[in-house]
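Colleague: My questions all concern the structure below.
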């Protein structure tokens, strides 16, 4: 049984709205409020951040702060790689979702010969590149970077040379080239996408288990199917963005809330059953933003409840 190590990555420079850098502390406060010793139970490491760069002028309009996002992803990749090499199970708590590129890069750096599958529990596909992004926020790009996809067929932005260079370096963190194959990516709950992303999903046949399908067909059936699709993968990276939750039911305490998402029980069941497969090498929880929470600390409390339950219910091998 592997021991857990918690990696705290308090960075929000890849997001469009400030405040997710406080998400980790909000989750810890939720634990204290619940009377839980969760955050004293496991060793942890704090990743150095670059949040002060938020005051800098944005030069790369179509990939805002990409220089510092790249540095942050490299830092996180190094920490994840080292944690895996020390034979811990990393639970990564991150501010915004751009850091997922760092986590995936760290896993591949630790296991370059192993085939990685990715389960992405999220309202968004995060498949934009600087060439297609309508916002320029890098937290909408981590999967495109991990897959090494520019999606030039859908290009709408004239991207500066410096941004292209940074984007190329971002795609090559950890190991040179893609971190996973498109057929080894599975979405759960994705329901807010743009045309360039939809074209990639269709082109590569990326499977998306939407909320209504899971409720109609049953979670067990969908998860069994998903695991069959990932059977050739040696390990799985599991990413839980809290905007996969129904913002009307739970909270709007996240950067880009979307209605008609999962309830906490469904997300807990998805993560628990995936962990039960013993293939998951790393779990990430991201995008809690307490500054946007209109219900006190509700989103962080919900995220902590999910985290504690999935940790307690599974022996990680």
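Colleague: Looking at (1) assigned to a helix (DSSP H, G or I); (2) closer than 24 Å to residue 120 by Cα; (3) touching a helix residue (DSSP H, G or I) at 6+ places or on another chain (Cβ under 7 Å), which one does residue 31 not meet, given that it meets all the others?
Modeller: Result: residue 31 fails condition (2) only.
Colleague: Additional query: Just a yes or no: is a residue in region 117-133 in a helix (DSSP H, G or I), over 13 Å from the mean Cα position of the chain (by Cα) and over 18 Å from residue 257 (Cα atoms)?
Modeller: Applying the first criterion (in a helix (DSSP H, G or I)) to region 117-133 yields none.
No, there is no match, as no residue in region 117-133 is in a helix (DSSP H, G or I), over 13 Å from the mean Cα position of the chain (by Cα) and over 18 Å from residue 257 (Cα atoms).
Colleague: For the subset of region 42-52 comprising residues that are exposed (fewer than 15 other Cβ atoms within 10 Å of the Cβ) and modelled with pLDDT under 95, which member is nearest to residue 100 (Cα to Cα)?
Modeller: Of everything passing the filter in region 42-52, 48 is nearest to residue 100 (Cα to Cα).
Colleague: Something else about it: Restricting attention to region 105-116, and to residues there that are touching a helix residue (DSSP H, G or I) at 6+ places or on another chain (Cβ under 7 Å), touching a residue at least 60 places away in the same chain (Cβ under 8 Å) and in a helix (DSSP H, G or I), which single residue is surrounded by the most Cβ atoms within 10 Å (Cβ to Cβ)?
Modeller: Residue satisfying both the conditions and the ranking: 106.
Colleague: Condition first: crowded, with 22+ Cβ neighbours inside 10 Å and assigned to a loop (DSSP other than H, G, I, E, B). Now tell me which residues in region 59-104 satisfy that.
Modeller: 62, 63, 64, 65, 95, 96
Colleague: Quickly run through region 236-270 and pick out the residues that are touching a strand residue (DSSP E or B) at 6+ places or on another chain (Cβ under 8 Å) and in a helix (DSSP H, G or I).
Modeller: Selection gives 242, 243, 244, 264, 267, 270.
Colleague: State whether one or more residues within region 216-233 are within 17 Å of the chain's Cα centre (by Cα) and at negative phi. It would help to see each step written out before you state the result.
Modeller: Step one: list which residues in region 216-233 are within 17 Å of the chain's Cα centre (by Cα), which gives none.
Within region 216-233, not a single residue is within 17 Å of the chain's Cα centre (by Cα) and at negative phi.
Colleague: Hey, among 276, 248, 293, 243, which residue is surrounded by fewer than 24 Cβ atoms within 10 Å (Cβ to Cβ), modelled with pLDDT of 95 or more and out of contact with any helix residue (DSSP H, G or I) (no Cβ under 6 Å at 6 or more places or on another chain)? Steps first, please.
Modeller: On the way: 276 fails: modelled with pLDDT of 95 or more; 293 fails: out of contact with any helix residue (DSSP H, G or I) (no Cβ under 6 Å at 6 or more places or on another chain); 243 fails: surrounded by fewer than 24 Cβ atoms within 10 Å (Cβ to Cβ).
Exactly one of 276, 248, 293, 243 is surrounded by fewer than 24 Cβ atoms within 10 Å (Cβ to Cβ), modelled with pLDDT of 95 or more and out of contact with any helix residue (DSSP H, G or I) (no Cβ under 6 Å at 6 or more places or on another chain), namely 248.
Colleague: Still on this model: Sort out which residues of region 17-28 are buried (at least 16 other Cβ atoms within 10 Å of the Cβ) and not in a loop (DSSP other than H, G, I, E, B), and write them in order of number.
Modeller: 20, 21, 22, 23, 24, 26, 27, 28
The values are calculated or read from the model by the stated rules, or taken from the named source; none is laboratory data. These numbers were taken from a predicted model, which means no experiment stands behind them. Because the Cβ atoms are built from the backbone with ideal geometry, glycine has one as well, and the counts that use them run over all protein chains shown.
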